[in-house]
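The values are calculated or read from the model by the stated rules, or taken from the named source; none is laboratory data. In this text, all values refer to a predicted model and were calculated from it rather than measured experimentally. Positions of Cβ are generated from backbone atoms using ideal geometry, with glycine treated the same way; all protein chains shown enter the neighbour counts.
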Amino acid sequence: MQNSSSSISLAPSPERAIYGADPLARFLLARLGGNPHLLALCAWGLGLFYLLPLAAVHGRLQNQGGSLGSLQDWHAQILLLVVAPTLWAFYLWQPRAMAAVYFELGTLPGPVFARSLLPLVAGAFAVGVVLFDLQKMIVTYGSWWATASPSTIALRELSLALSFYMLAWAALRHGLAAGEWNRSLNREALGLIDQPLRRAVWSYCTISALVVALVGVRLSIEAIELPTRAGSITPDYYAKILFYVLAAGASFFVPFRGVWRQLDGFKARTLPMLVMAIIAALPLPLFFLLHTIVPH
């Protein structure tokens, strides 16, 4: 597809247009320059502080009686030191990758990203997750190092709120951009997709799906941990599985229905589906691996 340099030049920063009405993103742009690696390092440092110094202050590094210590809590270690930093980095990386797709399409991000309702939706989602988790923490997870004091509970909920706020924004951007990209493809009645656009599409979709799969890893861990902590698999877990399956498919195919339809040849059309199936299924073998090697 031919790039429209003149139209792109009208916008000083497509990335900033995609950050839109997100107050947290604007703050991070000002403080960190929008650097995903620095934000991931911040998430990693917060997780490390939570797992070590804060747990040590309350004497909860090691197992005590029936209470799980932070050094034995491999579930929390994976979530805080791997999943959360990756998600936080993706939150700032996503608009950059989206801007590359807009560039190859020869269009600009529309005003949809600046709608004032969006931060309210993301904030409400994060608050809802925190309230749901808080009651489980207090009622169900009594013998756990993270419930040792109000400070450990507060830091957990702060980290959770930030992570799910970022996840909500990533999903909102994804859906809004998908609509604009597909409208652009339909308007222009494209022939075969050219290589620069195909690379931009492939990069964005693959990394988005991998991040969704990483979030899905949490479900593998939770399936092992829930019987120990809560006594059984709770009903909300099955809802999470359904949401994961839908999100995995949407992250890969929805943004570029027009692109996938116009790929030339059986191999070109089936390869993306095969890659997506492999990515979406990643949490399943991990579940069996962890179930085998981790004591529970």
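A few remarks follow.
- Within the range 1-38, the only residue that satisfies the criterion of being under 10 Å from PRO95 (Cβ atoms), part of a loop (DSSP other than H, G, I, E, B) and modelled with pLDDT of 90 or more is ASP22.
For (1) among the acidic types (Asp, Glu); (2) closer than 19 Å to SER149 by Cα, each residue gets a yes or a no:
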site: ASP22; (1), (2): yes, no
site: GLY33; (1), (2): no, no
site: ALA40; (1), (2): no, no
site: PHE49; (1), (2): no, yes
site: ASN63; (1), (2): no, yes
site: TRP88; (1), (2): no, no
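- The residue of the range 40-72 that is surrounded by the fewest Cβ atoms within 10 Å (Cβ to Cβ), among those that are within 25 Å of the chain's Cα centre (by Cα) and farther than 14 Å from THR152 by Cα, is GLY45.
- Given (1) within 26 Å of VAL57 (Cβ to Cβ); (2) without any contact (Cβ under 8 Å) to a residue 12 or more places away in the chain, number of the condition TRP145 does not satisfy: (2)
- Within the range 108-125, the set of residues being touching a helix residue (DSSP H, G or I) at 6+ places or on another chain (Cβ under 9 Å), part of a helix (DSSP H, G or I) and surrounded by fewer than 19 Cβ atoms within 10 Å (Cβ to Cβ) comprises PRO111, VAL112, ALA114, VAL121, GLY123, ALA124, PHE125.
- Tabulated pairs, the range 75-91, first over 18 Å from ALA213 (Cβ atoms), second assigned to a helix (DSSP H, G or I) and not polar (S, T, N, Q), C-beta under 6 angstrom, 6+ apart or interchain: LEU80/GLY47
- Test: residue in the range 88-107 that is over 15 Å from the mean Cα position of the chain (by Cα), crowded, with 17+ Cβ neighbours inside 10 Å and not in a helix (DSSP H, G or I): yes
- Annotation: of all residues in the range 160-189 being surrounded by 13 or more Cβ atoms within 10 Å (Cβ to Cβ) and touching a Gly at 6+ places or on another chain (Cβ under 7 Å), the one that is modelled with the highest pLDDT is TYR165.
- Hits in the range 58-70 - residues which are closer than 24 Å to LEU162 by Cβ and either without any contact (Cβ under 8 Å) to a residue 12 or more places away in the chain or of a type outside the set (Ser, Thr, Tyr) (or both): HIS58, ARG60, LEU68
- Filter result for the condition that a residue is part of a helix (DSSP H, G or I), at pLDDT 85 or above and in contact with a helix residue (DSSP H, G or I) (Cβ under 7 Å, 6 or more places away or on another chain), over LEU81, LEU131: LEU81
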